[in-house]
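Right, one structure below, let's go through it.
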Amino acid sequence: MASSRPGLRPDIESLPAYVPGARPAAGRQVFKLSSNEIPFPPLPSVVAALDTAAAEVNRYPDMYATELTEALGAVHGVGAERVTVGNGSVAVLAHVLTAVCAPGDEVVFAWRSFEAYPIAVQVAGARPVAVPLDVEGRHDLPAMAAAVTERTRALILCSPNNPTGPALTAAEVEELLEVVPPSVLVVLDEAYIEFVRTPDPTDGPALLARHRNLVVLRTFSKAYGLAGLRVGYALARRRLTRGFRAASTPFGVNVMGMAAALAGLGAADEVRERVEHVVLERERVLAGLSEQGWHVPDAQGNFVWLPLGRQAGAFADVARQQGVLVRAFAGDGVRVSVGEPEGNDLFLRVAGHWLADLGADAAVPATR
Ligand SMILES: *Cc1c(COP(=O)(O)O)cnc(C)c1O
């Protein structure tokens, strides 16, 4: 019998909505440490490029984003035919999954990780297979490899992991790529790679030379400070890239985003300087937390993780009342972005009071 209204796919109808970081109410001085953004305004060269580009927005952008894909290929030492750009790396991931997944296929990822993953997997028609992190907030790579079945089409690695913070090492990723069947696409999401300061960081673009089943995701939203313009990209072998491009929204990167991303690539030194500033602040925040008695996971992105378990929401409420917006994941923990020094100081005061109020013998949960 015909239904009286348009149907939605049942799996789409039941999807949880993506929860964005809290936004400040108008007119009040608050520090927004809830969305892992860079606290600095755009670089002058980026603003100048946007000014110029604004005069051309009556025209469509270059459908193939030729200039940007060539510039990215040059930066990473790969051909432009290995670059897929899109409206943020979240959109690129969606296109990658659409290109490889059929109904009933499985996609393995760590959990808790980036909340866009389970949504993107289900929108692509596949089944999410979430493998719990270990007690230090790290990917459990043996368990992830063991979760691969005949139905697995892709496995997503998030390094550093949003929201817990630890990064995978290059050796760990190599080892995983050795044991995962070559028919499984391994997606290495390096959204925060610029902030990593471990001795053996991953280098996705370099790994591409040896692994045909690898896709590397990068973004201009974090280190480059262009979250509002939505530009991200994937690097992969040529055949896969053709498929990803075919599954992509045409003109996915707009005129303004393209201009800003190119200007950002041209300002690499300034970008590095800003990243270094954030890294130093991150180390200062970590040291402050540790001094207060917090036990938190290693932080290799531009954020820290408080494993507060069921207290996560209450902590976020207290922080908001004090003028700091943080991101609570109910029942799990709180992610706090590294912002401007005053914001970080205020967050440290909130964190210190929280522990003091709990009393000296109150146990801080070591993990979730
Ligand atoms: C922020 C983030 C991205 C980037 O998303 P964009 O769509 O490029 O803004 C990708 N992956 C992870 C894990 C992130 O935290």
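For the pair Glu56 and Glu136, the difference between a 0.36 nm per residue extended length and the Cα-Cα distance amounts to 23.9 nm.
Rounded to the nearest 0.05, the FRET efficiency derived from the C-beta distance between Leu265 and Ala356 at R0 = 51 Å is 0.65.
Residue order by solvent-accessible surface for Asp140, Asp357 is Asp357, Asp140, largest first, with ligands and nucleic acids left out and a 1.4 Å probe.
Which FRET efficiency, nearest 0.05, do Arg197 and Ser4 yield, Cβ-Cβ r, R0 56 Å? Efficiency computed from Cβ-Cβ geometry: 0.45.
Sequence-distant contacts, meaning Cα pairs under 8 Å at least 6 residues apart, place the relative contact order of segment 44-267 at 29 percent.
Helical runs (DSSP H, four residues minimum) scored at -39500 (n - 2.57) apiece and divided by the length of the chain put the mean residue ellipticity at 222 nm at -11500 deg cm²/dmol.
The listed residues Val231, Val123 rank as Val123, Val231 when sorted by accessible area, largest first, using a 1.4 Å probe. Summarising the label geometry, the points placed 7 Å from Cα in the beta-carbon direction at Arg349 and Arg212 lie 6.0 nm from one another. Taking θ as phi - 60° and the Karplus parameters 6.51, -1.76 and 1.60, the scalar couplings of segment 241-247 work out to 4, 4, x, 4, 5, 5, 8 Hz in sequence order, x denoting glycine and proline. When the surface is traced with a 1.4 Å probe over the full set of protein chains, Ile193 keeps roughly 20 Å² accessible. Taking amide H positions as placed in the peptide plane 1.01 Å from N, state which residues far from Leu157 in sequence (5 or more) or on other chains have amide H under 5 Å from it. Those qualifying (amide H under 5 Å, at least 5 residues apart or on another chain) are Val187, Leu188, Asp189. Taking all protein chains into account, the per residue accessible area for segment 194-279 stands at 43 Å² (1.4 Å probe). Rounded to the nearest Hz, the phi-derived 3J(HN,Hα) couplings of segment 57-68 under the Karplus curve 6.51 cos²θ - 1.76 cosθ + 1.60 (θ = phi - 60°) are 7, 6, 9, 5, x, 4, 3, 9, 6, 3, 4, 6, where x marks glycine and proline. Other residues lying with their Cβ under 10 Å from the Cβ of Ala223 contribute a combined charge of +3, Lys and Arg counting +1, Asp and Glu -1.
Mean-square fluctuations from a GNM of the chain, with a 10 angstrom spring cutoff on Cα atoms, peak among Arg335, Arg23, Arg82 at Arg23.
In plain terms, the C-alpha convex hull of the chain casts an average shadow of 21.1 nm² when viewed from every direction. When nucleic acids and ligands are ignored and a 1.4 Å probe is applied, Leu217 ends up with an accessible area of around 0 Å².
Rounded to the nearest 20, the size of the Cβ-charge dipole of the chain about its Cα centre is 1120 debye, with Lys and Arg at +1 and Asp and Glu at -1. Among Val186, Val196, Val318, the largest mean-square fluctuation in a Gaussian network model of the chain (Cα springs under 10 Å) belongs to Val318. Which of the trypsin sites (Lys or Arg not before Pro) found in segment 93-201 are loop residues per DSSP with 16 or fewer other Cβ atoms within 10 Å of their Cβ? Taking segment 93-201 and a limit of 16 other Cβ atoms within 10 Å, the loop trypsin sites (Lys or Arg not before Pro) found are Arg151, Arg197. Stretching the chain fully between Leu280 and Phe251 yields a gain of 6.7 nm (0.36 nm per residue, less the alpha carbon separation).
The values are calculated or read from the model by the stated rules, or taken from the named source; none is laboratory data. The model shown is predicted, which means the values in this text are computed figures rather than measured ones. For neighbour counting, all protein chains shown are included, and Cβ atoms are generated from backbone atoms with ideal geometry for every residue, glycine included. Accessible surface is based on the protein model in full, side chains and every heavy atom, while ligands, DNA and RNA are left aside. Shrake-Rupley method; radii C 1.70, N 1.55, O 1.52, S 1.80 Å.
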